[in-house]
Amino acid sequence: MNCKNAAILFIIFLIFSFIVLFIPYITQVDIACIKYVQEILSGVNSQIPISAGGTVFYIMLCFPLAIGNLYFLLHKMYRNIFLFSAVPFVAYFINSIIKTIVQRPRPPIELQFEEHMSSSSYVSRHTFVTACLFGVFVYFVCQYCKNKFLKYILIGLSFIWVLFEGFSRVWMGVHNPTDVIGALILACVFLIFYIRLIQKLSSNN
């Protein structure tokens, strides 16, 4: 995908954000979706989504970084170590700017498994950072993993984790479904630009 695709996706993100923030009915639908998810999963241990947003979240951030950077270190790809390691920090910074500007309230506190009232809701930071990091990880896997079976396993697990991380935020009641969707759209924009940066730097090497 090229910069034109990224521009189209960014416009879609802006339109989507406008609809989410300025049409109150969307928030009502969001809350109804959260209640529905929590109702159908009421018999499931609530520690599953809570862990996905806590300890497991940080473990899963370290997992691709450890695998990728170990490979790059062994093959003396020091630039890739820097570029890959920077992804979660850059994504966190971008998300913080958006949250500061948008200031969308989180879902009602009675829906939250753990109280999250100190920060805004749009877009979901956990979803955005996870999607950005694992998206770049998938790119590197496609570039360097020669074992097709292992490649498909890593790609499949990456997509599953990104989707579950987003879903867990809705399940916990700390994010609206549209917060997660917005994060995924924005992550696609980020990945196009970031991967092009990696490719450009590699071609100049």
Margin query: Within the stretch 157-173, does at least one residue satisfy the condition of being surrounded by fewer than 23 Cβ atoms within 10 Å (Cβ to Cβ) and farther than 27 Å from residue 50 by Cβ?
Written below: no
Checklist line | Selected residue (only one of 108, 88 is open to solvent by less than 50 Å² (accessible area, probe 1.4 Å), at pLDDT 95 or above and in contact with a helix residue (DSSP H, G or I) (Cβ under 8 Å, 6 or more places away or on another chain)) | finding: 88
Item checked: Matching entry among 140, 113 (being more than 27 Å from residue 40 (Cβ to Cβ), among the aromatic types (Phe, Trp, Tyr) and touching a residue at least 12 places away in the same chain (Cβ under 8 Å)) -> 140
Check: Of all the helices (runs of 4 or more DSSP H) wholly in the stretch 1-73, which have at least 2 residues that are in contact (Cβ under 8 Å) with a residue 24 or more places away in the chain, in contact with a Leu (Cβ under 8 Å, 6 or more places away or on another chain) and within 13 Å of residue 173 (Cα to Cα)?
Finding: 24-40
Margin query: Here is a check on your reading of the model: is residue 58 hydroxyl-bearing (Ser, Thr, Tyr) and within 30 Å of residue 22 (Cβ to Cβ)?
Written below: no
Note to self: Checking residue 121 against (1) in contact (Cβ under 8 Å) with a residue 60 or more places away in the chain; (2) touching an Asp or Glu at 6+ places or on another chain (Cβ under 6 Å): exactly one of these is not met. Which one?
What the structure shows: (1)
Check: Taking into account only those residues within the stretch 30-54 that are in contact with a Pro (Cβ under 8 Å, 6 or more places away or on another chain) and among the hydrophobic types (A, V, I, L, M, F, W, C), which is most open to solvent (accessible area, probe 1.4 Å)?
Finding: 33
Next item on the list: Assess whether residue 120 counts as being of a type in the set (S, T, N, Q), outside any helix (DSSP H, G or I) and in contact with a helix residue (DSSP H, G or I) (Cβ under 7 Å, 6 or more places away or on another chain).
Entry: yes
Checklist line | Among the residues listed as 152, 139, the single one being in contact with a helix residue (DSSP H, G or I) (Cβ under 7 Å, 6 or more places away or on another chain), open to solvent by 30 Å² or more (accessible area, probe 1.4 Å) and in a helix (DSSP H, G or I) | finding: 139
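The values are calculated or read from the model by the stated rules, or taken from the named source; none is laboratory data. Predicted model, so just to flag it, every value in this text is computed and none were measured. No Cβ is skipped: glycine too gets one built from the backbone with ideal geometry, and neighbour counts run over all protein chains shown. Heavy atoms of the whole protein, side chains included, go into the accessibility calculation; ligands, DNA and RNA do not. Shrake-Rupley method; radii C 1.70, N 1.55, O 1.52, S 1.80 Å.
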